[in-house]
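One structure below.
The values are calculated or read from the model by the stated rules, or taken from the named source; none is laboratory data. In this text, all values refer to a predicted model and were calculated from it rather than measured experimentally. Here the Cβ is made from the backbone with ideal geometry for all residues, glycine too, and neighbour counts use every protein chain on show. When the accessible area is computed, the model is the full protein with side chains, heavy atoms only, and any ligands, DNA or RNA have been set aside. Shrake-Rupley method; radii C 1.70, N 1.55, O 1.52, S 1.80 Å.
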Amino acid sequence: MAIDVSMIPFPRSRPQVVSPPTNSTQAPSPTRDSRSGDVAEIFSKAISERLGSSELQELAMAECNLTSSSIRKIIDGCVISGIQRLSLATNDIDAEGLEHVLHYLRSGVCQGIDLGGNDLRSLMDKICDSIKHCNNSPLWALCLQDTGLTPEALKTLIPTLISLPSFRFLDLSHNRGLFLGQTSLCLLRKYMPQFKELKRIHLMNVDMKPEDAIAIAEILPDCPHIAHINILENPEITRVA
């Protein structure tokens, strides 16, 4: 049902090495390079054509050194086979790679995606647009930890997520400075009670202050589905804990 190949770097494509001509009548043995193939293409084919049918639900590929081309091939395999949850954390995803991620978000297959550890500060609007334009999106889990998320980006993100009928888990951790000023606090106080199914939110290491935690606690009675809030590793809270 799930496979985790995180921190196994995918090799970069290399040109084939052609064996030098030989006078021997014996056929030369193939070199290592002449036998090698595109690992992302092989992996995608294995996922999309697997004999075990479509029971595979989750694929974790954090820190796999994936290129944009590799991301495209893997996501094509995920969409074909119906893999619902995908982690692409810390793969240095650029604008080209994100286009393939957006295809996955719009496919109607994606229920959960982890994009943590990628710098998405200039790309957040595109992510929100893709979520908005997926009719009846089944997305219920989104991890954006350490993505350079700003309070301004949160203004677009949170209203987008409340439109999702089954959204249950949001991770905003390790976006330092997210709680500098009042913007993020006001957004969470306003919109958390409007989530229909939100059960879990992670706010680790976001420069939250004790008064921010108190202000969020005040609205919890209006959030009957909330079961778990993580506010660890916020230095100002740690000092008074």
Note: among THR183, THR238, just one is open to solvent by 30 Å² or more (accessible area, probe 1.4 Å) and closer than 21 Å to ALA153 by Cβ, namely THR183
(request) Determine, yes or no, whether ASN136 is outside any strand (DSSP E or B), over 24 Å from LEU172 (Cβ atoms), without any contact (Cβ under 8 Å) to a residue 40 or more places away in the chain and not charged (D, E, K, R). (result) yes
